[in-house]
Structures are given as C-alpha cells and as structure tokens.
Amino acid sequence: RVLFRSPKQYELDLVKKLNEEKNYVLEKHIGHFYLYKKLEWYNFDMEEKVFFKSTLGSNICGIVSNSNGDVTKPIVILVHGFASYKNTNSIMLIKTLLEAKGLATFRIDTYGCGDSEGNFEDITLTEGIDEVLQAINFIQQKGYTKIGLFGTSFGGSLAMMAAAESDVIKVLALKSPV
C-alpha cells in the first residue's frame, strides 16, 4: 500500500489513472489517501457495501461478504482497531481465513473511520459498543442467526462488551483487546 499524506497534483492524477484501470483501490481515511493494488485472488464482486444507523443516527458503513448469499451459514462481524478501518491488512487476512472455512463476514467501520459518518476524535466506548450492537441487529434483519464477533485492539473491547449485552452471539474472538 502507498500512503499519500499531502498529495501533489501529479500524484493525484497518477492515482486517478490507476484507480480507473480497476487494478487499484483508492481510499481516504482520516485525512490520508491509501492506494492498494487489488488482490488478484480475491473476488470483490461477492461483497455488498451497506449502511445502517447507530442509535444516535450516524450512518455506519459495513461490507457483507457471502460468496453465495446463503444466510443459513455462520457470519462473523469483524471490528477493526482504533484509528483503523474495515479494509486493513489484518482485518482482510482474518476475513479471507474465515471465508476459506465457509463462513460469511461483515466488516464494519466504526464512527468517524473509513466510510462511516462522524469525526474520528469524537468516538466513545459507548458509541462504539452501540455500533457493534446495531451491526448485530442489522445482520439479524438480513436473516442470519449464527452470528460471531471478532475484534482487534479497540474493536476487541467493543466486541467483548457488545457480546456481553447480546444474547445472540455464538462465538467471540479477540486479538489484543484494549
């Protein structure tokens, strides 16, 4: 991945050209631009970008990845760490490993991160827990009943606390929760 902190016009033109070629993905996250080469072994067509509301009314972004749309298969909600977002290498690796075992995944951006609304500096533990609980409700409304949670770092704490408040979570996995 390439990070552009304050891109010059020629860099923006190059990024735009690469993005148009469909071989690269350009994303903006907390004021920085990231350029990723698309993974040749990964099929992005089987993903659905969705938005759901937090209790406070913010639009929260998530990506449902389910190769055949079968809602009877288990799904794991993936919650990223602090100052991160849903498409980091760590989250994408876990997603790929879970999908290789036949599970669906739902990657979410927490408040102020990635494609979700809000100012990153305004995130609170309470808001983050609510977003995970709303993600669980959203997935249930889509028909999933076998729901797991995975969280890393700050997302691990959110997942742990949301799992304690929810009676539908079948499994919880944490990576360095803080």
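Can you tally the net charge around Ile63? Count Lys and Arg as +1, Asp and Glu as -1, for every other residue whose Cβ sits under 10 Å from the Cβ of Ile63. Around Ile63, the charge tally is 0.
Evaluated with a Cβ-only charge set (Lys, Arg +1; Asp, Glu -1), the stretch 58-133 carries a dipole of roughly 520 debye about its Cα centre, given to the nearest 20.
Relative protection proxy for 124-136, 63-75, from highest mean packing down: 124-136, 63-75 (other beta-carbon atoms within 10 angstrom).
Each Lys or Arg adds one and each Asp or Glu subtracts one; over the other residues with Cβ under 13 Å from the Cβ of Met161, this totals -4. Computed over the alpha-carbon atoms, the stretch 49-178 gives an Rg to Rh ratio of 0.92, Rh here being the Kirkwood radius from the mean inverse distance. Taking a point 7 Å from the Cα of Ser67 along the Cα-to-Cβ direction, the residues of the stretch 81-114 with backbone N closer than 20 Å to it are 91-107. When a 1.4 Å probe is rolled over the protein heavy atoms, the share of accessible surface on the stretch 136-178 that falls to carbon and sulfur comes to 54 percent.
Of the peptides 110-116, 92-98, the order by per-residue mean of other Cβ atoms within 10 Å, starting with the highest, comes out as 110-116, 92-98. For Lys53 and Glu121, the difference between the fully extended length at 0.36 nm per residue and the C-alpha to C-alpha distance is 22.6 nm.
Subtracting the Cα-Cα distance of Ser166 and Lys101 from their residue separation scaled by 0.36 nm leaves 20.9 nm.
The values are calculated or read from the model by the stated rules, or taken from the named source; none is laboratory data. From a predicted model like this one, the values you see are computed outputs, not experimental measurements. Cβ coordinates were reconstructed from backbone atoms using ideal geometry, including for glycine residues, and neighbour counts include every protein chain displayed. Protein only, heavy atoms only, side chains kept; ligands, DNA and RNA dropped before computing areas. Shrake-Rupley method; radii C 1.70, N 1.55, O 1.52, S 1.80 Å.
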